[in-house]
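See structure below.
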Amino acid sequence: MMNPNYPVWFLPVSVPKGTTFEFKFIKKDSSGNVVWESGSNRSYTSPSSSTGTADTSVYNWQ
């Protein structure tokens, strides 16, 4: 992940057009322990156009 405008992070990924996927964020502490965010999985569908880029919404930790 990249964060040129801390505390905003982003991760560029490539997915096939029209693909829906789910995800959750994690945090790792200094000991390496993983903490998953609460709530339901997040969902996103990639654009149906064959080329280009799309920005997702800005998400806050839940």
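The values are calculated or read from the model by the stated rules, or taken from the named source; none is laboratory data. Computed from a prediction, not measured in an experiment: that's the story for all the values here. Heads up: the accessible areas ignore ligands, DNA and RNA and are worked out on the full protein's heavy atoms, side chains in. Shrake-Rupley method; radii C 1.70, N 1.55, O 1.52, S 1.80 Å.
Side notes on the structure shown:
- As a fraction of the 1.4 Å probe accessible area of the chain, surface on carbon and sulfur atoms comes out at 53 percent.
- Relative contact order (%) - the chain, alpha-carbon pairs under 8 angstrom, separation at least six: 30
- For segment 28-42, 3J(HN,Hα) per residue [Karplus equation, 6.51 cos²θ - 1.76 cosθ + 1.60, θ = phi - 60°, Hz, x = Gly/Pro]: 10, 8, 5, 8, x, 6, 9, 10, 7, 5, 7, x, 6, 4, 7
- Amide H contacts of F25 (H built 1.01 Å from N, under 5 Å, at least 5 apart or other chain): E37
- Rounded to the nearest 10 square angstrom, F10 shows an accessible area of 90 square angstrom against a 1.4 Å probe.
- Candidate values (i) 11.2; (ii) 13.7; (iii) 15.2, label of the one derived for Kirkwood radius over Cα pairs in Å: (ii)
- The residues of the chain expose on average 86 square angstrom of accessible surface per residue, using a 1.4 Å probe on protein heavy atoms.
- Against the criterion of solvent-accessible heavy-atom surface with a 1.4 angstrom probe, Y59, Y44 sort, most first, into Y59, Y44.
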